[in-house]
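A.B. asks: What follows is a structure written as structure tokens; I'll ask about it next.
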Amino acid sequence: MTILDNEHTDLPTPSGPMRTHIFRPAAAGKYPAITLFSEIFQMTGPIRRTAMMLAGHGFVIAVPEIFHEFEQPGTVLAYDSAGADRGNWCKVNKPLAAYDDDMRAVREFLKSHPASTGKLGSMGMCIGGHLCFRDCFSPDVLAGVSLYPTDIHKLEEHKRGLGLGMCDDSLERARRGDIKGELLIIWGRQDPHVPFEGRMQVRRALEEGNTWHQTFEVNGAHAFIRDEGPRYNPVLAQQCYALAIELFKRKLGDGDLSASFGATETKH
């Protein structure tokens, strides 16, 4: 399927315009829509390739630049210590309310996008997995895929949390049942950022909230799905993407594809 991958829009948010990249099938018709939340490095090559892969399965994909308050539009942080330091600084200096405002802006954009059916999903990796988790608090989000989400758990010996002050309410909201759609969480067992006790803490909160969810653990390190660097595991990545696509197809539907060829396609 031909993919359009050169679109972007600057969505208005209370903390300033947020560059958001759009990937969608070129064929005419309407498709379910998914917000893809990146790692702390923003719109890197691996995130772009993931977005294109998902769009190729018949979805409109929006990738917001999650640190738009601190970085110029189009900024991509490098996969190195300097990039990680900058991304982690942004992560803990952005107010939690600003993250939630950003999510709301993307949802409203996707619901009204001319190529969208209005059925919404959410997906993310690392900090993006946590943002996906919070995005699922909206009843508009019918399905979420959270890959090795960081900083949801709060163990006594580790200060964890999303946003300024590191005191988010993600666990508490999950416990009280705020996630109404179906959630898939995938952890790497060898991920030092989320130990066994932390993974169980998140799972327990989902159980207490009577959340419709699936939890998978694989033998992988943090960022095992990122197709750059030594931690990449292509076999596990393929398996996880298959689980994600199955969930999105089942919960969001296939969309209303046109029987005619799109303007950019050629009939043979």
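Read-outs throughout are calculated quantities, based only on the coordinates presented, and are distinct from any laboratory measurement. What you see is a predicted model; the values in this text were computed from it and never measured. We place every Cβ from the backbone using ideal geometry, glycine too, and count neighbours over all the protein chains shown.
A.B. asks: Just rank Phe133, Phe70, fewest to most, by other beta-carbon atoms within 10 angstrom.
C.D. replies: Going from sparsest to densest Cβ surroundings: Phe70, Phe133.
A.B. asks: With both bridge residues required to lie in the chain, what share of the DSSP beta bridges run antiparallel, to the nearest 5%?
C.D. replies: 30 percent
A.B. asks: Taking only DSSP H segments of four or more residues, each worth -39500 (n - 2.57), what value at 222 nm results for the chain once the sum is divided by all its residues, to the nearest 500 deg cm²/dmol?
C.D. replies: -10500 deg cm²/dmol, from helical runs alone.
A.B. asks: With θ set to phi - 60° and the Karplus curve 6.51 cos²θ - 1.76 cosθ + 1.60, what are the ³J(HN,Hα) couplings of the stretch 173-190 in order, to the nearest whole Hz, using x for Gly and Pro?
C.D. replies: 3J(HN,Hα) across the stretch 173-190, in whole Hz: 5, 5, 4, 8, x, 6, 8, 9, x, 9, 10, 10, 10, 10, 10, x, 5, 9.
A.B. asks: Return the sequence-ordered ³J(HN,Hα) values of the stretch 195-204 in whole Hz as given by the Karplus equation 6.51 cos²θ - 1.76 cosθ + 1.60 applied to θ = phi - 60°, using x for Gly and Pro.
C.D. replies: Each residue's phi maps through the Karplus curve to give x, 3, 4, x, 5, 5, 5, 5, 4, 4 Hz.
A.B. asks: Sticking with this one: What are the extents of the Cα atoms of the stretch 3-257 along their three principal axes, listed from largest to smallest and rounded to whole Å?
C.D. replies: Extents along the principal axes: 52, 38, 36 Å.
A.B. asks: Amide H of Ile3: which non-local residues (sequence gap of 5 or more, or other chain) have their own amide H closer than 5 Å, using H built in the peptide plane?
C.D. replies: Ala26
A.B. asks: Placing +1 on the Cβ of each Lys and Arg and -1 on the Cβ of each Asp and Glu in the chain, which of Ile66, Ser122, Gly163 has its Cα farthest towards the positive end of the resulting dipole?
C.D. replies: Value computed over the given set: Ser122.
A.B. asks: Now, a different point. Counting only pairs 8 or more residues apart or on different chains, how many lysine pairs in the chain have their Cα atoms under 13 Å apart?
C.D. replies: So the count works out to 6.
A.B. asks: Residue by residue, what Karplus-based ³J(HN,Hα) values in Hz, rounded to whole numbers, does the stretch 207-215 have, using 6.51, -1.76 and 1.60 with θ = phi - 60° and x for Gly and Pro?
C.D. replies: These are the phi-based 3J(HN,Hα) values: 5, 5, x, 6, 6, 7, 8, 10, 10 Hz.
A.B. asks: Which far-off residues, 5 or more places away or on another chain, put their amide H under 5 Å from the one on Glu182, with H placed in the peptide plane?
C.D. replies: Under 5 Å from the amide H of Glu182 lie the amide H atoms of Ala143, Gly144, each far enough along the sequence or on another chain.
A.B. asks: Running a GNM on the chain with Cα contacts under 10 Å, which residue among Ser81, Ser15, Ser122 ends up with the highest mean-square fluctuation?
C.D. replies: Largest GNM mean-square fluctuation: Ser81.
A.B. asks: About the Cα centre, and with charges only on the beta carbon of Lys, Arg (+1) and Asp, Glu (-1), how big is the dipole of the stretch 3-257? Nearest 20 debye, please.
C.D. replies: So the magnitude is around 440 debye.
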